Every structure is written in structure tokens, then in C-alpha cells.
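First up is the structure itself, then whatever we jot down about it.
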Amino acid sequence: MTWLQIIAYAGTFVFALTGALKARVYRMDIFGGAVLAFVTAYGGGTVRDVIIGARPVGWLNDYFGLGLVVLAVVAVFLLSDKLARLPVTIFLTDAIGLGLFTVLGIQKSLNLDVNSGFAVVMGVVSATFGGLLADILSNTVPDLLKKGELYATASLAGGIMHIVLTHYGAPEHLIFGVCIVLVVSVRVLSKWKRIYLPEL
Amino acid sequence: MTWLQIIAYAGTFVFALTGALKARVYRMDIFGGAVLAFVTAYGGGTVRDVIIGARPVGWLNDYFGLGLVVLAVVAVFLLSDKLARLPVTIFLTDAIGLGLFTVLGIQKSLNLDVNSGFAVVMGVVSATFGGLLADILSNTVPDLLKKGELYATASLAGGIMHIVLTHYGAPEHLIFGVCIVLVVSVRVLSKWKRIYLPEL
Amino acid sequence: MTWLQIIAYAGTFVFALTGALKARVYRMDIFGGAVLAFVTAYGGGTVRDVIIGARPVGWLNDYFGLGLVVLAVVAVFLLSDKLARLPVTIFLTDAIGLGLFTVLGIQKSLNLDVNSGFAVVMGVVSATFGGLLADILSNTVPDLLKKGELYATASLAGGIMHIVLTHYGAPEHLIFGVCIVLVVSVRVLSKWKRIYLPEL
């Protein structure tokens, strides 16, 4: 297992946790929780793969990833009271997941000959559309679209940095590291200093 | 036309009927009813085909299936008062549709080299995501995700039975029959005895 | 650039404008506006391409189209008060977009060996599902499904005319022109004379 795969699974687990916790807020049953966990973890990658024409989608036949999603649902079922006391931890792991999925989305797109600008768009889609689809399933306006802290913008900043460093021939590990740190930093700064995008 | 195709068309017609009746509840116009009927009947199979990489989706160019959907919309337009008096009939045909689409989803996935665990997931997706998409279009939280009777769970039970029987080399007709009967039984039992999944 | 491409880009720009103006109504931020503009402009074509198996989707790697969407968002950000005073202009450009996307959807489907009836369905999907997806993202019942003026029906009428003229071997430019004029006429007549589809 490569270092990138390990972090991809970490991102999957964290996003599945976020989805299952959201299902609890809406008082869904266990199946509803599993669907929301799965959609949050895999929704963004699925939309990306469909758009760039990867076939079949990346998570198919991957029992380990499926097991992580199930584990996240079980964890929320058993431990949700304790998890609710860890909002900062969840905020941070979600921010790290955002950075990881941005990098993964861009890499997968570049490997399929998507050009740089659209690879950045696909990075944002990979990182944010899972949560957006889960919000649609919960019948709420996606957090992502409402006025609020920088979320997609953090992903976008990391994505642009990724393309710039790639252009100048930086080694892969450096690109991944800088990009992820940048996404997490923008996200944390926005939360801390209450930096918002202007309303349209 | 094989026996399997006949039942597939029966499932398509029943699910289209369910979708059109739902459109009536939300006072949509005839076009809205046609969209909801189509999405309920074909939405689950479309999501499945996109995920497993079947291309193009199965219902494309199938005039007979399209005709059945149109027929269901016309039937609801002309006869909905009478159909409303048949809730038990509709419940039963919907349960049978659930079983049929579970079997079809698993078979199609296995034929495209999806492994057993994910084939079961694809069976549930085939059988339940049409109704879920129709609920999203109607701007309600999908019934499927809310605390309630066993629906997806019935599909899941049938799917697991399907894989177990396939593993032991049972003949295809036996597998299909047992699986469909199991799905319908779990569904009916859950309705009758008010068996619910626990809340997350 | 062919005549058809020029009009396709015009349709993309107009639909992106519609999406961004909708985001303003729901008080989304700039990112939300960009997503709604993009989804309105490209959502219908994406669903069509996924269903008919075009891979990757048509708008990928097309910087010019992406630039038009960004331009529409910037225009709404800077000029929305003036745009709000142009409801008739926007109604007309949207009607023209409806006609253009109907023609494009049918042509692309026929080129991929979709048969005539389903090509008409794909024309309607191309022309209407972008707005429908944007409505889902905004957490409202899609306008398209509610009782109201003829919209999808205008697209359907143009699509049927397209297939009839193609059957009789009419030259391409005539087909495109007649079809677009018919869609716009039905749309304008419905608005003007308040012609509605009956409720289901």
C-alpha cells in the first residue's frame, strides 16, 4: 500500500464519519446512516470519475474501503455521544480529508489527460461533492453553496498550488505535502478569523 | 423474451406507477408525472450502470420499456381515483418490483465482473435508488433514509441469499425464485408486524 | 468554429446567467453562484452524455466554455441590478437556449446511434435537466415539474419536428432553424396566452 493510498483511506474514513454524524442529526435509521456515510465518502469521486470517463468508478470492488465506511457507521452508532464532544477533532480531520481528496482528484484527472484547469475543477469536485450530495439527500440547501467559511475555496487554492508546482517540475511528495498543508491552513484560518466569501 | 425480461418489464411498470402516483400527491403536471414515473422506474438501474461502467445505460433504445412507462402515466391520469382504492395491491406489486430489481441488479453486476459483496450493494441500489431520486425531485427527505419499515433491508436480505445460493451452485431459476420470495416476505412481515430498523 | 458551435456557446452563456441569477435569489456566495451557473449550463448535457455513453462528457477540457460560465457569474456579480430590469430579455434568451440545447442534444444522440424516439427524450433532457439540477441544489421543487407554462413541452415539440424533418431528408440548416423557431414560439405563446399542461 502506497503512502497516497493510506491517506486516501484515512480521508474516506473521516468523510464517512461526517456523513454518519449528519444522518444522526436528521434522525435517520441505520440504513440511512450507511447511505449518507457512503455518499459523503464516495460521492465526490464518483461524480469526478463519471465526468472524466474513468470506468468503472474507483471504489468498486474495494472491500477495504467499504469496510471503513461500515466501521464509521458502527462507530457513530456506538460512540456518537463521545464523538459529539470532539468537534475540533472532527473539524481538523475533515479539513485534512478535504486536502487529501483535492490532491487525489487532481492526480487521477491528470493521469487521464484532463488539462490543468479542469483538473483543478475536478479536485474541488472530488473534495466537496460528497458532502453536497449528502446535503441533498437530507433535503437541505448544501452548506457548500451558502454564505459561510471558506471550504471549496480552500480546495481551490490547494489545487492551483498543485498545478503551479507540477508546472515547475517539483517532486511529487513535495507537491502533495504543500498542497495538503495549504488546504488545511486556509480552512483553519477561515474558521478562526471568520473569513467569508462575499455574497453573490 | 425470456422469463427474466418479462418480470423486469413488470417491475418497470409497477415502479412507474408508483412514481406517477407520487407526482399526483405533489400536484405536478403531466410532464412532471412522466419524469417521476421514468426516474422511479429507471433511476436505480441508471445509477447502477454508471457505477459498474455499463455503457450506454440498459434502458436506452428500448421502446417497449418506454411505452410501459407512458402507459403507467396514462393509467394514473385516467384511473387514479380507482388506483387510490388499491393500496394493498400497490404495496404488493411494489414489493415484488423490489425483489425483481434486486435480482436483476445483482445478475447484471456479476456479469460485468463485479465481486459478490459489491454486487449485493448494486442490487440494493438498483431496487431502491429510483424511489430515492424521485423523492429528491419532489423535494422531500427520501422515505428510504427515514426511520421506518424494512425496505432496503428486504432487498439486502434477498441479495445475500442470492450470493449464498450462487456460491453453492444452485440453479438460476431456484436462486431467482427464492430471492424474490424472500424480499417480498421480509417486506410484508415488516409492514404487518411493524418491524423497524433502529435509529442511528 | 461552426455556426452550431457558436450558438451552443450562446446557449451555455445564457443558461449560466440564469443559474447565477437563481443563486442570487437564494443569497448564495460567489462559489455557490459559480456552481449553480455551471450546473445550469452543463448539467443537462452531462446527464445526456452519461446516459448515451459519450465519454468523457462534452464540456471537459473546453476552456472557452468554462470562461463563458465564469464571465456569466462575474456579470451577475457586477450587474445584477441592471439584469433584474431585463426580465423579457432573459426570458427570450432562455427560450432560445432551450431551442438550441434541444437541437444539440438530439444531434449528439443521433450521432451515437441512439434511435429517434430516445433522441427526442435526450433532446428534452439536454435542454431541461440543467435547470432541474440547479433547482435541486437550491432545495426547491423543480419548476419544471410543477404545474406551469409549457417549457419541456416546447422542447418536446421541437424535438419531434426535428425527427420528422430528418426522416424526410430536409437539409440540416433548415432542420435546425425550424426546430429552434418552433421551440421559441411554443414557449412565447405559452407565456403570453397562459397555456398550461393539465395537472396529473
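The values are calculated or read from the model by the stated rules, or taken from the named source; none is laboratory data. Keep in mind it's a predicted model, so treat the numbers as computed, not measured. Neighbour counts run over all protein chains shown; Cβ positions are idealised from the backbone, glycine included. With ligands, DNA and RNA removed, areas are computed over all heavy atoms of the protein, side chains included. Shrake-Rupley method; radii C 1.70, N 1.55, O 1.52, S 1.80 Å.
Data table
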read-out	value
Residues being part of a helix (DSSP H, G or I) and free of Cβ contacts under 8 Å to residues at least 60 places away in the same chain - total across region A:28-50	10
Test: residue in region C:116-130 that is open to solvent by 60 Å² or more (accessible area, probe 1.4 Å) and either touching a Leu at 6+ places or on another chain (Cβ under 7 Å) or within 20 Å of C:Y9 (Cα to Cα) (or both)	no
Qualifying residues in region C:48-67 (those that are in contact with a helix residue (DSSP H, G or I) (Cβ under 8 Å, 6 or more places away or on another chain) and small (G, A, S)) - the one farthest from C:I106 (Cα to Cα)	C:G65
A:S138 vs. criteria among the polar types (S, T, N, Q), surrounded by fewer than 22 Cβ atoms within 10 Å (Cβ to Cβ) and over 22 Å from A:V14 (Cβ atoms)	no
Matching residues, region C:141-162, being within 16 Å of B:V35 (Cα to Cα) and open to solvent by less than 60 Å² (accessible area, probe 1.4 Å)	C:V141, C:P142, C:L144, C:L145, C:G148, C:L150, C:Y151, C:A152, C:T153, C:A154, C:S155
Verdict on A:T93 being facing chain C (nearest Cβ under 10 Å) and either under 14 Å from the mean Cα position of the chain (by Cα) or without any contact (Cβ under 8 Å) to a residue 24 or more places away in the chain (or both)	no
Looking only at region B:144-171, and only at residues there that are within 9 Å of another protein chain (Cβ to nearest Cβ) and more than 16 Å from the chain's Cα centre (by Cα), the one that is farthest from B:K193 (Cα to Cα)	B:K146
Among residues of region B:13-27, those that are in contact (Cβ under 8 Å) with a residue 60 or more places away in the chain and among the charged types (D, E, K, R), counted	1
Number of positions in region C:68-89 that are within 29 Å of C:I106 (Cα to Cα), facing chain A (nearest Cβ under 10 Å) and open to solvent by 40 Å² or more (accessible area, probe 1.4 Å)	0
Test: residue in region B:174-197 that is more than 15 Å from the chain's Cα centre (by Cα), modelled with pLDDT under 95 and at the interface with chain A (Cβ under 10 Å from one of its Cβ atoms)	yes
Selection within region A:143-174 - touching a residue at least 24 places away in the same chain (Cβ under 8 Å) and aliphatic (A, V, I, L, M)	A:L150, A:A152, A:A154, A:L156, A:A157, A:I160, A:I163
Selection within region A:163-200 - of a type in the set (S, T, Y) and either more than 30 Å from C:S80 (Cα to Cα) or exposed (fewer than 14 other Cβ atoms within 10 Å of the Cβ) (or both)	A:T166, A:Y168, A:S185, A:Y196
Test: residue in region B:12-27 that is within 14 Å of chain C (Cβ to nearest Cβ) and not in a helix (DSSP H, G or I)	yes
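A quick yes/no check of all residues on (1) free of Cβ contacts under 8 Å to residues at least 60 places away in the same chain; (2) within 18 Å of the chain's Cα centre (by Cα); (3) not in a loop (DSSP other than H, G, I, E, B):
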| site | (1), (2), (3) |
| --- | --- |
| A:S109 | no, yes, yes |
| A:V114 | no, no, no |
| A:F118 | yes, yes, yes |
| A:G123 | yes, yes, yes |
| A:S126 | no, yes, yes |
| A:G130 | no, yes, yes |
| A:I136 | yes, yes, yes |
